[in-house]
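Quick note: the coordinates plus some simple rules give every number you see, no bench work behind them. Quick caveat: nothing in here was measured; it's all calculated off a predicted structure. A quick note on method: Cβ atoms are made from the backbone with ideal geometry, for glycine too, and the neighbour counts reach across all protein chains shown.
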């Protein structure tokens with residue numbers, strides 16, 4: 001690793017790195033320097049240096065790890081005053097000779113991955129929006145268009161290349177360091193720096209799907225159809241569905257954009273019967289003369305880029321999440337609570353809120369016996385979770401605290417309501433959680449104990465718990481006893 005791999009605030013590479021985050025909250029952080037490694041060996045040198053420095057000066061060697069940089073809350077993959085390890089230059093070897101796996105870098109975006117696979121009628125599990133980074137989606141066990149068939153994104157990882165706190169470079173898979181492999185599949189950045197990920201591929205050609213647009217007055221029809229779909233005991237594994245409710249200061253009113261995909265291919269199935277209740281709902285263009293839907297047969301890269309085109313950024317973003325049993329009444333309750341919470345922010349520049357209601361059928365939660373660190377969420381049965389995404393323009397920084405308080409109050413109030421209605425579920429989707437929603441604390445006691453034991457085994461000095469403040473951490477000391 002040479003001097004060109006370490007940049008400081010006056011360097012162009014420093015400015016480019018800091019300025020390329022998804023959320024402006026992270027772009028406003030100021031690391032003392034940025035290390036941009038070009039190999040796992042470079043990462044090893046950086047980690048050894050930082051951990052040695054920590055032993056000498058415990059308060060001066062904090063660091064952060066950045067993959068794609070998509071997690072929106074400040075400090076998740078950024079740091080003020082410490083050292084940022086930006087993995088942007090790590091190699092991405094690509095598809096294997098037999099095309100059964102693909103080796104990817106944690107700093108890649110998912111559309112960069114899928115566009116390599118599309119020409120071969122192959123795919124893998126990855127995020128559904130182009131521009132989302134690989135690392136966070138894998139370590140957070142995100143969701144894919146194909147998750148009902150194959151599980152969470154982490155469940156098709158065959159191998160992790162990892163730099164441990166000692167600086168050692170190891171592989172974690174089903175044959176070696178299996179406990180680490182399992183922990184990394186959903187355990188966030190608590191165990192080391194992942195420098196390469198080998199993922200299984202599977203046959204996947206073009207499929208039917210897209211978005212349909214509707215007036216907000218049709219929401220109860222959507223909620224009923226969604227609850228019926230999510231309650232199915234025999235869930236069609238080719239079904240992917242999201243019901244998006246969006247409010248912005250551009251429209252001054254809510255609208256609905258539903259995402260329907262039926263991922264069977266070769267040949268694709270057009271307008272499958274399972275989607276009939278949704279397709280029967282009256283559609284309405286988002287703007288005069290616009291389309292009422294984007295339904296078509298296309299590849300996954302194109303579909304993911306369509307989603308990305310709907311997200312205006314860079315902005316000041318905040319995510320949060322909640323889950324509950326399939327219930328059209330609870331979906332309406334959440335809408336009413338959110339409408340009340342956000343109307344007063346409509347005059348903020350660039351304000352928007354999107355609520356994505358998504359089913360998690362038990363066939364997906366059970367993950368076909370997958371070995372990961374998610375724990376027994378299948379015992380909760382079918383559920384629905386909401387990805388709440390709130391954003392404003394960069395100049396509205398003074399609204400950060402009040403918006404965060406409004407969102408926290410909304411989530412806490414909605415969880416109370418769900419408990420009153422008997423539909424509460426504890427599951428939190430890590431890739432959509434805000435900083436105060438540590439999803440690791442919602443894992444089962446047995447799962448938490450395994451994660452903590454694995455952390456102590458591979459990181460005995462607890463470097464990634466104490467020197468890396470960003471991300472969701474494992475409970476320690478008294479907090480641990482409280483959770484267990």
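Counting only helical runs of four or more DSSP H residues, what would the 222 nm mean residue ellipticity of the chain come to if each run contributes -39,500 (n - 2.57) and the total is spread over all its residues?
Details: 16 runs with 146 residues, N = 484.
Estimated from H runs of four or more residues: -8500 deg cm²/dmol.
Please give, to one decimal in nm, the separation of the simple spin-label points placed at residue 436 and residue 97, each 7 Å out from Cα toward the Cβ.
The two pseudo-label positions are separated by 5.5 nm.
Taking neighbour Cβ counts within 10 Å as the exposure measure, how do 169, 8 sort from fewest upward? Provide the component values of the computation, followed by the final result.
Details: 169 19, 8 11.
So the ranking, lowest neighbour count to highest, is 8, 169.
Between residue 286 and residue 416, what is the spin-label point distance in nm, taking each point 7 Å from the Cα along the Cα→C-beta axis?
3.5
Have a look at the range 94-203 and give its Rg and Dmax from the Cα atoms, expressed in angstrom.
13.0, 41
For the pair residue 329 and residue 461, how long in nm is the line joining their label points, each one 7 Å along Cα→Cβ?
Between residue 329 and residue 461, the label points sit 5.6 nm apart.
For the range 207-439, report the translational diffusion coefficient in µm²/s to the nearest whole number, using Stokes-Einstein at 4 °C, 1.567 mPa s, and a Kirkwood Rh over Cα pairs. It would help to have the intermediate numbers written out before the result.
Values: Rh = 18.5 Å.
Answer from the Stokes-Einstein relation: 70 µm²/s.
Would you mind ranking 84, 139, 260 by Cβ crowding within 10 Å, fewest neighbours first?
Details: 84 26, 139 30, 260 22.
The order, fewest Cβ neighbours first, is 260, 84, 139.
Take the alpha carbon atoms of the range 160-215, find their radius of gyration, then divide it by 2.2 N^0.38 Å using N residues; give the quotient. Spell out each step's value before the answer.
Values: Rg = 17.6 Å, N = 56, 2.2 N^0.38 = 10.2 Å.
Here the Cα radius of gyration is 1.73 times the empirical estimate.
Mind pulling the angle between the C-alpha long axis of helix 400-421 and the longest principal axis of the chain? Nearest 10 degrees, somewhere in 0 to 90.
60
Among 224, 182, which comes first, then next, by fewest other beta-carbon atoms within 10 Å?
Details: 224 16, 182 22.
Exposure proxy ranking, most exposed first: 224, 182.
Output the 0 to 90 degree angle, nearest 10, between the alpha-carbon long axis of helix 445-458 and the longest principal axis computed from the alpha carbons of the chain.
30
Once the Cβ-Cβ distance between residue 28 and residue 336 is put in as r, and R0 is 35 Å, what FRET efficiency do you end up with, to the nearest 0.05? Before the final figure, lay out the partial values.
Details: r = 34 Å, r/R0 = 0.97.
Efficiency, from the Cβ-Cβ distance: 0.55.
Calculate, axis by axis, the spread of Cα positions in the range 41-154 along the three principal axes, and write the results as whole Å, longest axis first.
Its Cα atoms span 52, 31, 20 Å along the three principal axes.
Binning every alpha carbon pair distance of the range 3-86 at 5 Å from zero, what are the percents per bin?
Once binned at 5 Å, the Cα pair distances of the range 3-86 give 3, 16, 27, 25, 18, 9, 1.
Share of antiparallel DSSP beta bridges in the chain, in percent to the nearest 5?
On the way: 69 of 77 bridges.
So the antiparallel bridges in the chain amount to around 90 percent.
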